[in-house]
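S.K.: Quick one: the structure is below, questions incoming.
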Amino acid sequence: MKKTALHHIHQSLGAKMVPFAGFDMPVQYEGVNTEHLAVRHNVGVFDVSHMGEFLIEGPNALALIQSVSSNDASLLTVGKAQYSCLPNDVGGIVDDLIIYRIKNETYLLVVNASNIEKDWNWISSKNHMGAEMKNISDDYSLLAIQGPKAVEATQSLTSIDLSAIKFYHFEVADFGGIPNVIISATGYTGSGGFEIYCKNEEVQQIWERVFDAGAQFDIKPIGLAARDTLRLEMGYCLYGNDIDDTTSPIEAGLGWITKFSKPFTNSETLSDQKTEGVARKLVGFELNERGIPRKSYPILDSNGATIGVVTSGTMSPSLNKGIGMGYVSAEYSKIGTEIGIQIRKKIISATVVKTPFYKG
């Protein structure tokens with residue numbers, strides 16, 4: 001079991017630790033609801049150093065990225081980031097990722113922890129153009145400082161104006177006494193904030209200074225459980241649940257990151273899907289009665305016939321109702337459609353809704 005550089009700090013804070021993607025990770029500290037609401041209304045810090053980071057460099061870096069990713073990375077200028085996915089050869093998704101343009105010929109790819117080796121092997125197998133690749137995952141740490149008070153709580157730690165960094169933009173600057181830190185206006189919560197990339201040997205100093213500076217704002221450490229409820233309230237996909245090797249980006253509602261302005265892996269198939277439509281679609285739904293939907297629960301029509309399956313579900317701490325996402329036959333994907341979720345032996349009424357669920 002791998003450990004992040006802050007593992008001992010999580011233990012000292014009394015975090016409940018669980019195995020996740022090969023790492024021993026903090027799932028919660030005070031409790032999911034408390035941590036969730038701290039991020040929605042205030043500020044919290046996640047250690048997400050288990051994520052993977054690859055550098056793609058050289059004159060052929062963009063050509064490789066364009067060939068393996070669904071979005072159009074040619075639109076990236078230095079200081080901008082882009083959400084994308086890696087389509088596979090059979091219509092599914094190898095992984096979703098964020099692509100940063102660090103310098104003219106240097107790109108940082110941030111991938112899911114559980115897929116580091118898989119993604120590395122996949123991109124390497126497509127690197128016919130000889131781009132330089134480095135897997136720096138084991139050397140770098142990542143903190144997500146999230147919430148509406150993130151800027152206010154951490155502005156004193158850097159010489160740059162944090163409020164000036166636009167969404168999906170980043171700066172390389174000093175932070176917490178450490179030079180050349182990537183400060184990225186990205187996150188997985190929908191409540192604003194930053195993600196901080198630094199070397200493993202630097203992250204403890206940054207963590208401590210963030211908590212010192214944020215003390216007056218009641219800053220809290222946040223575990224993976226609240227990370228999951230926060231992302232689900234925003235309708236953000238989780239790899240392994242809502243997207244995987246068998247789900248296409250068109251089915252998953254990720255047509256907005258699937259650009260046919262250039263060829264990429266299996267782009268013809270996905271283009272056909274976009275033109276002709278798909279047989280199933282990922283939808284968001286809210287329960288109309290008390291209940292908690294969970295992954296793999298059947299989704300039913302009004303006659304009790306199975307029309308799909310839940311991929312993610314929870315009791316929303318912000319909305320205090322059961323919410324979820326799942327794939328349904330396309331004819332049931334329209335907003336307002338009444339469906340049923342089978343929770344054990346009971347069928348709970350639900351309605352297909354537009355995401356995000358949380359509109360704070």
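S.K.: Find which of 243, 253, 230 sits farthest along the positive direction of the dipole of the range 219-280, computed with +1 on the beta-carbon of Lys and Arg, -1 on that of Asp and Glu, about the Cα centre.
M.R.: After comparing all options, I get 230.
S.K.: Let me ask something else about it. What residues have an amide H closer than 5 Å to that of residue 337, excluding those fewer than 5 places away on the same chain, when H is modeled at 1.01 Å from N in the peptide plane?
M.R.: 352
S.K.: Which distance in Å, rounded to a whole number, links the C-alpha centroids of the range 292-338 and the range 136-160?
M.R.: 35 Å
S.K.: Check residue 141: other-chain or 5+ apart residues with amide H under 5 Å from its amide H, H built from backbone geometry?
M.R.: For residue 141, the qualifying residues are 198, 199, 200.
S.K.: Can you pull out the chymotrypsin sites (Phe, Trp or Tyr not before Pro) in the range 299-360 whose DSSP state is coil and whose Cβ has at most 15 other Cβ atoms within 10 Å?
M.R.: Working: sites: 327, 332, 357, 358; in loops: 357, 358.
Answer in residue order: no site qualifies.
S.K.: May I ask you to evaluate 6.51 cos²θ - 1.76 cosθ + 1.60, the Karplus curve with θ = phi - 60°, for each residue of the range 252-261 and list the ³J(HN,Hα) values in order in whole Hz, giving x for glycine and proline?
M.R.: 7, x, 9, x, 5, 10, 10, 9, 9, 7
S.K.: On to the next question. If you put +1 on each Lys and Arg Cβ and -1 on each Asp and Glu Cβ, how big is the dipole of the range 279-353 around its Cα centre, in Debye rounded to 20? Could you put the intermediate results ahead of the total?
M.R.: Values: 10 positive and 5 negative charges, 60 e Å.
The calculation lands at about 280 debye.
S.K.: Then there's this: Identify the trypsin sites (Lys or Arg not before Pro) of the range 298-354 meeting these criteria: DSSP loop state and at most 11 other C-beta atoms within 10 Å of the C-beta.
M.R.: Working: sites: 321, 334, 344, 345, 346, 354; in loops: 321, 334, 344, 345, 354.
Passing sites in the range 298-354 are 334, 344, 345, 354.
S.K.: May I pose another question? So if I place +1 on the C-beta of Lys and Arg and -1 on the C-beta of Asp and Glu, and nothing else carries charge, what would the dipole magnitude of the chain be about its Cα centre? I want it in debye, nearest 20. Don't skip to the answer; put the middle values down first.
M.R.: On the way: 32 positive and 40 negative charges, 200 e Å.
Result for the chain is approximately 960 debye, rounded to the nearest 20.
S.K.: Among 2-10, 142-150, 183-191, how do they line up by average Cβ neighbours within 10 Å per residue, starting with the highest?
M.R.: Numbers: 2-10: 17.7, 142-150: 24.8, 183-191: 22.4.
Output ranking for 2-10, 142-150, 183-191: 142-150, 183-191, 2-10.
S.K.: Kindly state, to the nearest 0.05, the FRET efficiency for residue 180 paired with residue 349, given R0 = 51 Å and r defined as their beta-carbon distance.
M.R.: Numbers: r = 54 Å, r/R0 = 1.05.
Efficiency at R0 = 51 Å is approximately 0.40.
S.K.: To continue, here is another question. Enter the Cα centre distance for the pair the range 167-233 and the range 59-123, rounded to the nearest angstrom.
M.R.: The range 167-233 and the range 59-123 have Cα centres separated by 22 Å.
S.K.: If amide H atoms are built 1.01 Å from N in the plane of the peptide, which residues on other chains or at least 5 residues away come under 5 Å of the amide H of residue 343?
M.R.: 348
S.K.: Additional query: Dipole of the chain (Lys/Arg Cβ +1, Asp/Glu Cβ -1, origin at the Cα centre): which of 1, 217, 339 lies farthest to the positive side?
M.R.: In the chain, that residue is 339.
S.K.: Once Lys and Arg get +1 and Asp and Glu get -1 on their Cβ, which of 308, 67, 267 lies farthest toward the positive end of the dipole of the chain?
M.R.: 308
S.K.: Considering only Cα-Cα distances, which of the following residue pairs are longer than 25 Å: 3/199; 281/321; 3/149; 321/359; 295/345; 118/220?
M.R.: Numbers: 3/199 15 Å; 281/321 23 Å; 3/149 29 Å; 321/359 14 Å; 295/345 16 Å; 118/220 33 Å.
Going by Cα-Cα distance, 3/149; 118/220 fall outside the 25 Å limit.
All of the numbers you see were taken from the coordinates with simple rules; none came from a lab. The structure displayed is predicted, hence computed values, not measured ones. Positions of Cβ are backbone-derived with ideal geometry, glycine not excepted, and every protein chain shown enters the neighbour counts.
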